Amino acid sequence: MAEVIYGSEIAADIKADLKQQIAELNKRNERLPRLVVILIGNHAASLSYVKGKERACHEIGMENELIQLSEDTQESELLALIDKLNQDAAVDGILVQLPLPEHINESRVLYAISPEKDVDGFHPYNIGRMMMGKPTFLPCTPKGIMEVLKRISMKELSGKHAVVIGRSNIVGKPIAQLLLAANATVTITHSKTANIKEITKMADILIVAVGKPRMVDGSWIKEGAVVIDVGVNRDENNKLCGDVDFASAESKAAYITPVPKGIGPMTIAMLMSNTLDAYFAHQKSAQG
Ligand code: NAP
């Protein structure tokens, strides 16, 4: 039976550490780190993600502001707001909750955020730095997955075969890059991959980021593999579930992350960590 790796517990440790760092700043009467989240419209899932981020900020003592704009907000208004926040010395991190309404160009919005305040790690400048292995804000979900793998034992990644299912810009592609940088041999699979099961069965580390409830069952998994389930879905009974069929996967894998309490809480902890990093970089450059 696999050992279940609760991201929620690792995330709690990380947040406790961040909370202590912020308490130290508070004690010294210093300016506190500040995250601004922009939400357009009332998309239920987005609203719940934004609330989760707000809760995490409160938990660790980070200042935060939620700017909620109506669904019919014009792109030019959003860009003007981002520009104002870019210039605001009291703001360390800016996050625009995705997806955006169709009339707003997502790329233009993500490019508009100053790379120094891009705590989601979605700006092409930061993505380029990540590809080159330079220090940067890493996208939160892939960063959280790497943190989980580190806890299992990072040294075991070297030379291992990692298979990623999914090639999105926010999960699949960046996690493949981070695994490569950690000396894994990486295969990226997607909806057009032929004989996908034959490939996943070769994986020492299997990262599943698809968005299909319980698509990957035990028959896709090599005995003793590490299985990371990124998916957040609702099943036919409206119950939260991952992309992996936990019951059958658990008997094949050596380590597995559950849904909920797996990668989701890690994503939020990494957002907090990126914002604190942005704050320290910001303070350093302000002091010259
Ligand atoms: P996405 O942009 O929709 O990408 C899904 C990927 O899965 C695509 O590359 C797609 O291939 C691939 N795919 C779809 N059907 C497939 C199939 N039958 N076989 C193999 N590959 C298939 O999704 P995403 O943003 O990466 O998110 C993936 C999941 O992770 C979702 O459930 C999302 O809610 C969740 N998520 C969770 C967190 C977290 O914090 N826990 C963060 C982000 C996302 P093509 O490219 O060929 O279409």
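If I ask for residues that are of a type in the set (Lys, Arg) and more than 11 Å from residue 75 (Cβ to Cβ), which ones from the range 93-108 would you list? Within the range 93-108, no residue meets the criteria.
Between a residue in the range 158-172 that is under 17 Å from residue 263 (Cα atoms) and of a type in the set (S, T, N, Q) and any residue that is within 6 Å of the ligand (Cβ to nearest atom) and not in a strand (DSSP E or B), which pairs come within a Cβ distance under 7 Å, given they are 6 or more apart or on different chains? From residues that are under 17 Å from residue 263 (Cα atoms) and of a type in the set (S, T, N, Q), the pairs are 168/209. Here the condition is being surrounded by fewer than 19 Cβ atoms within 10 Å (Cβ to Cβ) and either at pLDDT below 95 or assigned to a strand (DSSP E or B) (or both); of 212, 284, it holds for 284 alone.
Annotation note: Cβ proximity below 7 Å between a residue of the range 190-214 that is within 22 Å of residue 149 (Cα to Cα) and free of Cβ contacts under 8 Å to residues at least 40 places away in the same chain and a residue that is crowded, with 18+ Cβ neighbours inside 10 Å and among the aromatic types (Phe, Trp, Tyr) (sequence gap 6+ or interchain) occurs for 200/220; 201/220.
Criterion first (hydrophobic (A, V, I, L, M, F, W, C) and either touching an Asp or Glu at 6+ places or on another chain (Cβ under 7 Å) or over 20 Å from residue 5 (Cβ atoms) (or both)) does residue 110 satisfy it? Taking the combined requirement at face value, the residue satisfies it. Listed conditions (1) assigned to a loop (DSSP other than H, G, I, E, B); (2) away from the ligand (no atom under 14 Å from the Cβ); (3) among the hydrophobic types (A, V, I, L, M, F, W, C) are all met by residue 259, apart from (2).
Considering the range 232-256, and only residues there that are assigned to a helix (DSSP H, G or I) and small (Gly, Ala, Ser), the residue that is surrounded by the most Cβ atoms within 10 Å (Cβ to Cβ) turns out to be 249. Got at least one residue in the range 206-215 being closer than 30 Å to residue 19 by Cβ, within 13 Å of the ligand (Cβ to nearest atom) and touching a strand residue (DSSP E or B) at 6+ places or on another chain (Cβ under 8 Å)? Among the residues of the range 206-215, at least one is closer than 30 Å to residue 19 by Cβ, within 13 Å of the ligand (Cβ to nearest atom) and touching a strand residue (DSSP E or B) at 6+ places or on another chain (Cβ under 8 Å), which makes the answer yes. For the condition surrounded by fewer than 16 Cβ atoms within 10 Å (Cβ to Cβ) and modelled with pLDDT under 95, residue 156 qualifies. Flag: residue 229 does not match the condition of being farther than 29 Å from residue 114 by Cα, surrounded by fewer than 22 Cβ atoms within 10 Å (Cβ to Cβ) and under 23 Å from the mean Cα position of the chain (by Cα). Note on the range 182-203: residues that are of a type outside the set (S, T, N, Q), touching a Gly at 6+ places or on another chain (Cβ under 8 Å) and more than 10 Å from the ligand (Cβ to nearest atom) amount to 1.
The values are calculated or read from the model by the stated rules, or taken from the named source; none is laboratory data. In this text the structure is predicted, and so the values were computed from the model without any measurement. Positions of Cβ are generated from backbone atoms using ideal geometry, with glycine treated the same way; all protein chains shown enter the neighbour counts.
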